[in-house]
Amino acid sequence: MNNLFLLTKINLLGNFKKNSNKGLIIFIIAFLYLAFVIYQLGLGMIDGFIMLNIPYMFLTLFMLFSSMFILATNIFKVNGTIFNFKDYDLLMSLPIKKEEIIISKILSLYFLNFLYTILFMIPSYIVFVLKIKVTLTFNILFFTTIFIIPILPTVIATIIGSLITAITSRFKRKNLINYIIFILSFIFMYYMTSGISNSNSLDYANFGKNLIDMCNNIYPLTNTYFKIISNNDLISLLIYTLLPIL
């Protein structure tokens, strides 16, 4: 267990290895700027959800945005994080189980994705509580789910990224294949979010509702999350927690 925590710490610090202080400062500035952008986006959307009498779908939409962002950004991190990582030879020469090395790599991805979740969920939460009166139970459940949201997208991205790595490893021009897949993924993400082009909050809300309805079929935790925050449903919270962990 000590090895696992130590390896995870090394992996996280490795993200800022080059010019660590400068890299950390740039990351913080970019993080705060994006949080402000998401907050402004939320302000432009919340009234539409209130008009449609579906305010809790507002937070569900941002949970979905967070999950999609994690999935899109992690698929192509897998090859350099879990496979073909720079310190492979060094770590394999140490008296450490291979399972601990792999788990530490996945945990490092989780912690970074937890920050991405905060990036989306905290600004949207601030917007939500400015407009909607919430209870203590809601707050407890909301902040509990923040720790759970990144798990399943991280696992799915790891599986997809592993498959892509396995496929592209058979080709001579691996980078070209990765670039093509990345471009196709970007086009898909752009298509999914292209409906958000009008500043009208009602249009935002209708787009968000349609996106959530569509994603309920392919990402069932979307509806589970909605039940948690709208009905304080503890059974849904249990499902939402256990399914990603399993």
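What follows is calculated from the coordinates using simple rules that are stated; it is not laboratory data. Keep in mind the model is a prediction, meaning the values are calculated, not measured. Backbone-built Cβ (ideal geometry, glycine too); neighbour counts: all protein chains shown.
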Net charge near PRO55 (other residues with Cβ under 13 Å of its Cβ; Lys, Arg +1; Asp, Glu -1) is +2
Subtracting the Cα-Cα distance of LEU242 and ASN223 from 0.36 nm times their residue separation yields 5.3 nm
XL table LYS98/LYS227; LYS133/LYS209; LYS133/LYS227; Cα-Cα > 28 Å flagged, in table order, is LYS98/LYS227
With label points set 7 Å from each Cα along the Cα-to-Cβ direction at LEU163 and ALA35, the distance between them in nm comes to 3.5
Here, ASN232 and ILE140, labelled 7 Å along Cα→Cβ, have an inter-label distance in nm of 0.9
